[in-house]
Amino acid sequence: MSDRIMTTPGSTDQFTLTDRPVPSLSHRYRPLPEGLNTTHHTIVPAHQVRDGDIVTAFFTDGPGIRTARHAPEAFTAHPRTYGTPCPAECRACEDTAAAGLTADRYVCLNPANDRADCVIRFRNAPVAIVRADVATCFPPLDTAPLLPDLFTFHDSDYGPYEALPVTRAWGPWDTLSVTRSTAEQIARDLPTSSAGRHLTCQWLHDSLLIASDPHMRTEPGRPGHLIRLDAEGRYPIGGLWRWEAWSAPSCPECMASTEPIDVGDERVWRCTGPDCTRRTYGTGDPDDDEDLPPFTETDENGATIVYHGTGEIDIEATAELAAQDGPDEDEQEAG
């Protein structure tokens, strides 16, 4: 499905509604129900969103060409007047109240629930929606699978670790619900991380024992924390260190999002910007990025281009390779 260019009455702006990104580590967008695509959407100002409409995207600022910013999770709208007390006392309402926003200029498209804050937008902000009557022709939103949340240890480059989605009330010392494979990944990484530098991990059949290193133990005789399978066959892990949300690193050159690629046994992050070839380890330390493995690519003319690990062209190596592939001197003389 190609991008769809749309307009709205009384505006000269053009709205580009792009296809919803395919879920990946870099793009955490819950899929829409089967069959829904850009042809079923319309664009309205936020104050014209009605109860039951499905909100899927917002847009970049204008004027001119304005590109869709997809909501990570589309939602069924239940608009309410902004400025009325928030029953959930969510952070979005607290922040907008602190900013002194006036009720006559904003609208709440959806009240907070146990997983998300209120969705507050400027009244005239363009919103991509699927009308309620159109939405009834497709499966409900909740038929699309939830994406797992991604976490890492606090102040760490490890992960990401997939877990069941957490609620708004979840805190960094609370537990995450993970599969056996993710629990094994955590057990491998934890002892070598700063968060778990004094911890050891040991599997006892189907249970994971996390204990303090006997040489570093500050509480002699403490048996450790035994994590057993819960009723859903998952492992609740937490309370021993701080978790934090994991996200793909931004490109250090253009700040666009990056996507993971594996080079040998190493994970490298490649910029998704169309005019940028930058790669990074995602640590934010340029000295680390100097150790990225080099790579080669073939251009449209069949020439081999040699790159430094960061994505910059290795001019000397490329020129040397081109010279090696050039016509043989004896063949030139024979000609």
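Key figures for this structure:
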{"read-out": "Burial order of peptide ranges 138-147, 268-277 (average beta-carbon count within 10 Å, highest first)", "value": "268-277, 138-147"}
{"read-out": "T102 accessible area, assembled protein chains, probe 1.4 Å, Å²", "value": "70"}
{"read-out": "Gain in span if fully extended, T81 to F138, counting 0.36 nm per residue against the direct Cα distance", "value": "17.7 nm"}
{"read-out": "In sequence order, calculated HN-Hα J values of the stretch 251-258 (Karplus, 6.51, -1.76, 1.60; Hz; x Gly/Pro)", "value": "5, x, 8, 10, 6, 6, 5, 10"}
{"read-out": "Inter-probe distance in nm under a simple model that places probes 7 Å from Cα toward Cβ, at D155 and N301", "value": "5.1"}
{"read-out": "The chain - accessible surface per residue (Å², probe 1.4 Å)", "value": "58"}
{"read-out": "In order through the stretch 307-320: 3J(HN,Hα) via Karplus (6.51 cos²θ - 1.76 cosθ + 1.60), integer Hz, x for Gly, Pro", "value": "10, 5, x, 6, x, 7, 5, 7, 4, 5, 5, 5, 5, 5"}
{"read-out": "Efficiency of FRET from Cβ geometry, R242 and T318, R₀ 35 Å, rounded to 0.05", "value": "0.15"}
{"read-out": "Whether the stretch 13-159 is rounded, prolate or oblate, judged on the alpha carbon gyration tensor where a/c under 1.5 counts as rounded", "value": "rounded"}
{"read-out": "FRET E, pair N37, T102, Förster distance 45 Å, beta-carbon r, rounded to 0.05", "value": "0.75"}
{"read-out": "Option label - P(r) over Cα pairs in 20 Å bins from 0, in percent computed here, alternatives (i) 30, 61, 8, 0; (ii) 29, 52, 18, 1; (iii) 22, 46, 27, 5, 0", "value": "(iii)"}
{"read-out": "Cα→Cβ-extended label distance, 7 Å offset, between D19 and M255, nm", "value": "2.9"}
{"read-out": "Carbon + sulfur, % of accessible area of the stretch 36-144 - ligands and nucleic acids excluded, 1.4 Å", "value": "51"}
{"read-out": "Surface share of carbon and sulfur [accessible, 1.4 angstrom probe, percent] for the stretch 225-322", "value": "46"}
{"read-out": "Label point distance in nm, A169-R123, each placed 7 Å from Cα along Cα→Cβ", "value": "3.5"}
{"read-out": "Placed amide H near L199: partners under 5 Å, 5+ positions off or other chain", "value": "D213"}
{"read-out": "Sites E94 and D51 - FRET efficiency at Förster radius 22 Å, r taken between beta-carbons, to 0.05", "value": "0.35"}
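The values are calculated or read from the model by the stated rules, or taken from the named source; none is laboratory data. Owing to the predicted nature of the structure, the values given are computational and were not obtained by experimental measurement. Backbone-built Cβ (ideal geometry, glycine too); neighbour counts: all protein chains shown. We work out accessible area using only protein heavy atoms, side chains counted, and drop any ligands, DNA or RNA first. Shrake-Rupley method; radii C 1.70, N 1.55, O 1.52, S 1.80 Å.
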